[in-house]
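Report on the structure given below.
The values are calculated or read from the model by the stated rules, or taken from the named source; none is laboratory data. Keep in mind it's a predicted model, so treat the numbers as computed, not measured. Backbone-built Cβ (ideal geometry, glycine too); neighbour counts: all protein chains shown. Note: areas computed on protein heavy atoms with side chains; ligands, DNA, RNA excluded. Shrake-Rupley method; radii C 1.70, N 1.55, O 1.52, S 1.80 Å.
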Amino acid sequence: MIPNRFRFSLLVGAALLAAPMVAMAQDAAKADDEAKQLDKVIVTGTAVDRTAHGTPLSVNTLDDAELRTFAGSGSQADILQQIPGLKPEGGGGEVATNLFVRGLPTPGQLQFTPINYDGITVLSNSGLNSSAIDFFARNDLGIERLEFVKGGVSNLFGVSSTAGVINYISKTGTDEEQGTLQLELSDENRVRGDFAFQGPINDNTFYAVSGFYRYDEGPIFTGQPTEGFALRGNILREFADGSGKFQLFGSYINDRVNFYLPIPLDGSSRERVAGNDGAEVFNTNQAQINGRTVPTPEGLTQFSSDDGFSTVGGTVAAALQKDLGEGWGIDAKIKYSDYDSTSDFFNNGVGPAAPETQAQFTARNNLVGSVVFTDVESGAVLAPTDLVYNSGFNNRDRPTTDGTVEVNLTKEMSVGEVDHTFTLGTFIGRAQSTEDTRSVQFLSGFNAIPNLVDVTVGGQQFTVGGITRGTSGYAYRDRSAFTRAIYFADQIDAGRWQFDIGARIEEQTIENRVEINGTFPSTLATTPVPGSPITTLSFGTGQFNDGDATATAWALAGGVLYELNDTVNLYANASRGFFFPQAQGTNGQIATVGDIEVFDEEPIVQAEAGAKFRTSRFDGSVAAFYVGLRDRNAVSFVGANLTPTLTATETDTIGIEFDGRFAFNEYLTVFGNVTFQESEYVGGSNAGILGNSIQRNPDVYGNVGASFDYANFDGTFSWTYNGDTFQDAGNGTPLDAYSFARGELGYSFGVGDDGEDTMRLSVGVWNIFDSQGLAEGNPRAGVIQSGLTGGQFFNGRPILPRRVTARLTYDF
């Protein structure tokens, strides 16, 4: 149960937060009661047009200007950082964002929050492998706004998500042609060009197209540059009789990005350290591994590190909204996507000793005799004080396809003075992914630019060209997920009262085909040390295990909003939802023989109650919440080859949350959000974690900032804070609180004959003070963190270093 001390602090915090909010709202209302600003109409998870202020849902939005400002490196983490209740970790680069939702234990990677574009999900099942959803899509200037919606019946529609839905709304064509061109330059040889155009095709048909190209060697140099492009577009046809619209969507991506894993840091300060060469170590990637070949049962396997995280493919989709008459309507969407996704990435050390002294490496591997460490390239013997780093590299090829169909039939009717909008809907999705993985382990010197290291024992080979075992890991798996759901909702307008009620039933079938691995003799070494790892390799046997499982789950949701007055709305929502276990995993999720043994729903109960405030100068909310998760089969990735492991967990979380924006005048606005929570493991298969806090979910986190727009100048400054947390569920490895700041300053001026076009010059700085806080420790090592080279090192992934970006934007 949640301790009483925290219950009291929540009540006090709520009072302290609510009091100034009400005061500001009343002051602003008195100042200008008739000039109330209009909310944006929310389209995510609703069958009726309602504003964020007028719905019992919990809603946060970012418009296109805010999306540009907070784009940072271009990752989802940079954008989602501004949303209350979300803690994204972007230390790995542009993709594979680890996103933590308040009160939910997860290894990250957007598992609880599907990404949608225009209400169409990027991927209907994200548990087929460890590739994150943001592998398959990139944002550009063609985005009009972001909506993040949780609570009420919003979680029942479409692909469904109990935790919340991320929905990017694309710009559509307009009666007059307009567009944006943007050039972006940054340090570490980053250059990016963006475009977005919208306009008419004829009286009722419009187009919008957008895309980008960029090349980037940073912000951390790895020898694997980020490079690629993406295109998106849509054609909108509005029916001449005003009864609705039909829209076609298309996207194509050919892109590769860097990926950064935890690195050895100072064991005390947890800041970056100098390597053997005296230079600061930012990554342990080993460029020399590129192109290396090792013999396997099927011939030579070549390891390539050129592509990093690469995605090639696209999506086609269509959407129909049609008024059928007499209150009836239909809203239907269909999508098919096909991607070839590869992951060429380095591990962050093998075992508990990374890095280690030569003596430690010798003792750990039981080497007896004359042990010599030499540089592979130069042949020089390493200095006795040089540290070595035993790590690994993975080539993963993951072709993925996904098809979805969503059909919603709506009926509007009135009973007395109460208006109902009924929705009967269905969602069908089929996702399939093949995973072909080859891994190799190697030894290198611990340098800013690592060098491969060879080890001989009495003249015999313990490594070959720096390789300590090849192949050290192999996997071939084919997985699919077939989802069928039906749902019903009623959204009710009863004057001052608004109600949401709904239910969903979903059935999911998982099919797995997994090749059985075996150990084979290796011919890599000609004079190997007897019994050393270099004498064997792991590879597929050509035999397969097949398994499948089907589970059914249900969800209920309800919400209510009461318009207290013109300024304040009171709201509450609650839901009983579910997650399904990921198809990947062990201990039954992928059985060695037969069907998948553990595939039952994981119930989650959420409740939220609070107040929404809106005046001409203030817009905000305050709410208390509860999250309870039961029978969670959590998958984590542990070990040199990132083997999935399964742990059953149950958690409870309570908290309060504040979000607000206050305009002092037409020039200056301040904004901020903060989440206070206390989470606790209350059950599960691991008795050792009962009473512990949920890992990587801090008790306090939030953002605060200010923006101004005066004459031709504009600017934004924001500060993000993440409180103390833990790397692991055992709470054995604490991670200290950290914060970082970002800012942008711009100057705009009119161009063209009439001066209506706009040119904007801007300079933005990510991580202004170059903070080195840890977004995460080294969760892939499990509980192994202490004792690295006698406690000298701590493996962790710092937030990305400071980066300055200049942009030239032309709007016409």
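Observations
- Looking only at the range 589-611, and only at residues there that are open to solvent by 30 Å² or more (accessible area, probe 1.4 Å) and of a type outside the set (A, V, I, L, M), the one that is modelled with the lowest pLDDT: Thr592
- Each residue in the range 270-289 was checked for being more than 26 Å from the chain's Cα centre (by Cα), over 16 Å from Asn390 (Cα atoms) and of a type outside the set (Val, Ile, Thr), and 5 pass.
- Test for Thr315: is it under 25 Å from Gly228 (Cα atoms), in contact (Cβ under 8 Å) with a residue 12 or more places away in the chain and either outside any strand (DSSP E or B) or touching an Asp or Glu at 6+ places or on another chain (Cβ under 6 Å) (or both): no
- Scanning the range 722-761 for residues that are among the polar types (S, T, N, Q), assigned to a loop (DSSP other than H, G, I, E, B) and open to solvent by 30 Å² or more (accessible area, probe 1.4 Å) yields one hit, Asn731.
- Which numbered condition Gly683 fails, given (1) assigned to a strand (DSSP E or B); (2) at pLDDT below 95; (3) closer than 24 Å to Phe794 by Cβ: (3)
- Conditions (1) closer than 20 Å to Glu657 by Cα; (2) open to solvent by 10 Å² or more (accessible area, probe 1.4 Å); (3) part of a loop (DSSP other than H, G, I, E, B): number failed by Gly74: (1)
- So Gln432, is it closer than 30 Å to Asp338 by Cα, open to solvent by 10 Å² or more (accessible area, probe 1.4 Å), in contact with a strand residue (DSSP E or B) (Cβ under 9 Å, 6 or more places away or on another chain) and not aliphatic (A, V, I, L, M): yes
- Odd one out for Ser268 among (1) at pLDDT 90 or above; (2) farther than 21 Å from Gly92 by Cα; (3) open to solvent by 30 Å² or more (accessible area, probe 1.4 Å): (1)
- Across the range 241-249, not a single residue is classified as under 30 Å from the mean Cα position of the chain (by Cα), open to solvent by 50 Å² or more (accessible area, probe 1.4 Å) and of a type outside the set (A, V, I, L, M).
- Cβ pairs under 6 Å, 6+ apart, first in the range 552-576 and more than 19 Å from Gly502 (Cα to Cα) and in contact (Cβ under 8 Å) with a residue 40 or more places away in the chain, second open to solvent by less than 40 Å² (accessible area, probe 1.4 Å) and of a type in the set (D, E, K, R): Asn569/Lys612
- Restricted to the range 531-549, and to residues there that are in a strand (DSSP E or B) and open to solvent by 70 Å² or more (accessible area, probe 1.4 Å), the residue that is farthest from Glu406 (Cα to Cα) is Gln543.
- Hits in the range 326-338 (condition: assigned to a strand (DSSP E or B) and open to solvent by 30 Å² or more (accessible area, probe 1.4 Å)): Trp328, Ile330, Asp331, Lys333, Ile334, Tyr336, Asp338
- 1 or more residues open to solvent by 20 Å² or more (accessible area, probe 1.4 Å) and not polar (S, T, N, Q): qualifying strands (runs of 3 or more DSSP E) within the range 81-150: 115-117, 143-150
- Restricting the range 500-530 to residues that are touching a Pro at 6+ places or on another chain (Cβ under 8 Å), more than 28 Å from Glu602 (Cβ to Cβ) and not small (Gly, Ala, Ser) leaves a set whose member that is most open to solvent (accessible area, probe 1.4 Å) is Thr523.
- Check on Val371, under 21 Å from Thr483 (Cα atoms) and surrounded by fewer than 21 Cβ atoms within 10 Å (Cβ to Cβ): no
- Set side by side, the residues Ala475, Ala481 differ, and just one is buried (at least 23 other Cβ atoms within 10 Å of the Cβ) and not in a loop (DSSP other than H, G, I, E, B), which is Ala481.
- Meets criteria (at pLDDT 95 or above and over 30 Å from Gly684 (Cβ atoms)) for Ser762: yes
- Subset of the range 296-311 that is part of a strand (DSSP E or B) and not polar (S, T, N, Q) - its residue that is nearest to Gly465 (Cα to Cα): Leu300
- Residue tally, condition assigned to a strand (DSSP E or B), closer than 22 Å to Ser310 by Cα, open to solvent by 10 Å² or more (accessible area, probe 1.4 Å) and not acidic (Asp, Glu), over the range 213-237: 6
- Residue count for the range 339-368, restricted to those that are open to solvent by 30 Å² or more (accessible area, probe 1.4 Å) and closer than 30 Å to Asn254 by Cβ: 1.
- Filtering the range 441-455 to residues that are under 12 Å from Gly379 (Cβ atoms) and either open to solvent by 10 Å² or more (accessible area, probe 1.4 Å) or small (Gly, Ala, Ser) (or both) leaves Asn451, Asp454.
- Within the range 687-719, being in a loop (DSSP other than H, G, I, E, B), within 21 Å of Val627 (Cα to Cα), in contact (Cβ under 8 Å) with a residue 24 or more places away in the chain and not small (Gly, Ala, Ser) holds for Asn692, Ile694, Gln695, Arg696, Asn697, Pro698, Asp699.
- Pairs linking a residue in the range 608-619 that is within 13 Å of Asn569 (Cβ to Cβ) to a residue that is among the hydroxyl-bearing types (Ser, Thr, Tyr) and assigned to a strand (DSSP E or B), with Cβ atoms under 8 Å and 6 or more positions apart or on different chains, are Ala609/Tyr571; Gly610/Tyr571; Gly610/Ser621; Ala611/Tyr571; Ala611/Ser621; Lys612/Tyr571; Lys612/Ser621; Phe613/Ser621.
- Counted residues, the range 389-416 - those being open to solvent by less than 10 Å² (accessible area, probe 1.4 Å) and more than 33 Å from the chain's Cα centre (by Cα): 0
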